[in-house]
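These notes are about the structure you will find just below.
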Amino acid sequence: MPVPAAGASMPQERGGGEPTPLQRAQAALQAGDDPAAQAAFRQVLSAQPENAVALRGLAVVNARLGLVPEAEAGYLKLLQQDGQDLQAQDGLIALQAQGADARQTEIRLQALLAAHPEFVFLNYGLGNLYVSLERWEDAQLAFLKAYRADPEHPDYLFSLAVSLDYLGKTPMAQRMYTLALKAAEKRPARFGRSQARARLAELERDGE
């Protein structure tokens with residue numbers, strides 16, 4: 001049976017000639033020299049406070065250094081610039097689990113959602129946490145909230161379908177799998193379409 005999908009990586013800037021300050025910062029980040037990367041990203045941001053690549057890089061470094069409030073502030077600024085920034089979404093969600101057990105992560109996500117109800121992707125993150133704990137009813141509710149806020153988001157639809165599937169709510173699961181596949185034709189999706197099609201076909205065969 002499928003499981004909700006997630007994951008992303010930070011983009012790289014490339015260019016010829018003398019490295020730019022941003023490229024030097026990224027090189028330090030990739031080399032694992034976090035103090036140097038932190039200083040370099042801060043230098044870039046002192047001149048370009050809205051530079052998304054530098055904001056993201058500094059957030060990553062701060063997270064690795066255990067500077068959770070600073071990292072969170074960076075991701076929130078990125079999301080204020082672009083609420084659909086998937087890497088910032090992933091980073092912010094992952095940050096809530098840093099150095100925390102499942103219960104602490106749940107509390108952090110709920111608190112963040114209460115402070116920023118406009119960030120509906122936090123419901124998706126909360127749902128994925130519940131999936132990892134096999135708390136399927138809670139997962140369904142969280143995914144349902146995400147879906148209601150953005151009913152054409154393919155991954156929200158798919159994750160809701162999975163939770164319904166695990167709860168034995170087959171007709172509703174079939175509908176959501178179908179809607180997820182249709183939505184994935186219009187918007188980028190992370191879930192495996194072949195996996196979703198296979199599961200949908202299996203449910204349809206079982207219902208015959």
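Nothing in this text is a laboratory measurement; each read-out follows from the coordinates by a stated rule. Being a predicted model, the structure only gives us computed values, none of them experimental. Methodologically, a virtual Cβ is constructed for each residue, glycine included, from the backbone with ideal geometry; neighbour enumeration extends over all protein chains shown.
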message: If a paramagnetic tag sat 7 Å from the Cα of Thr178 along the Cα-Cβ line, which residues of segment 187-204 would have the backbone N under 17 Å from that point?
response: 196-204
statement: Normalised per residue, the volume inside the convex hull of the alpha-carbon atoms of segment 19-99 in Å³ amounts to 82
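For segment 83-142, how big is Rg over Rh, using alpha carbon atoms and the Kirkwood form of Rh?
0.94
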- prompt: Taking the Cα centre of the chain as origin and charging only Cβ (+1 Lys, Arg; -1 Asp, Glu), how large is the dipole, in debye to the nearest 20?
  reply: 220
message: How would segment 146-208 be classified by its alpha-carbon gyration tensor: rounded, prolate or oblate, with rounded meaning a/c under 1.5 and the a/b versus b/c comparison settling the rest?
response: oblate
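Rounded to the nearest 0.05, what FRET efficiency is calculated for Glu18 and His116 with R0 set to 25 Å and r the Cβ-Cβ distance? Working shown, then result.
Working: r = 40 Å, r/R0 = 1.60.
About 0.05, to the nearest 0.05.
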query: Counting each DSSP H run of 4 or more residues in the chain as -39500 (n - 2.57), what helix-only mean residue ellipticity at 222 nm follows after dividing by all residues, to the nearest 500 deg cm²/dmol?
result: -22000 deg cm²/dmol
task: With a/c under 1.5 counting as rounded, go ahead and sort the chain into rounded, prolate or oblate using the C-alpha gyration tensor (a ≥ b ≥ c being the square roots of the eigenvalues; past the cut-off, prolate if a/b is larger than b/c, else oblate).
output: prolate
Positive-end extreme of charge dipole, the chain - chosen from Gln195, Gly127, Leu92 (charges on Cβ): Gln195
- prompt: Given just the C-alpha atoms of segment 103-208, how large is their convex hull per residue in cubic angstrom?
  reply: 89
- prompt: At what distance in angstrom do the alpha carbon centres of segment 15-49 and segment 167-204 lie from each other?
  reply: 42
message: Under 8 Å for C-alpha pairs, at least 6 residues apart: give me the relative contact order for the chain, rounded to a whole percent.
response: 15
Anchor Lys169: lysines whose Cα lies under 18 Å away (excluding residues fewer than 8 positions away in-chain): Lys145
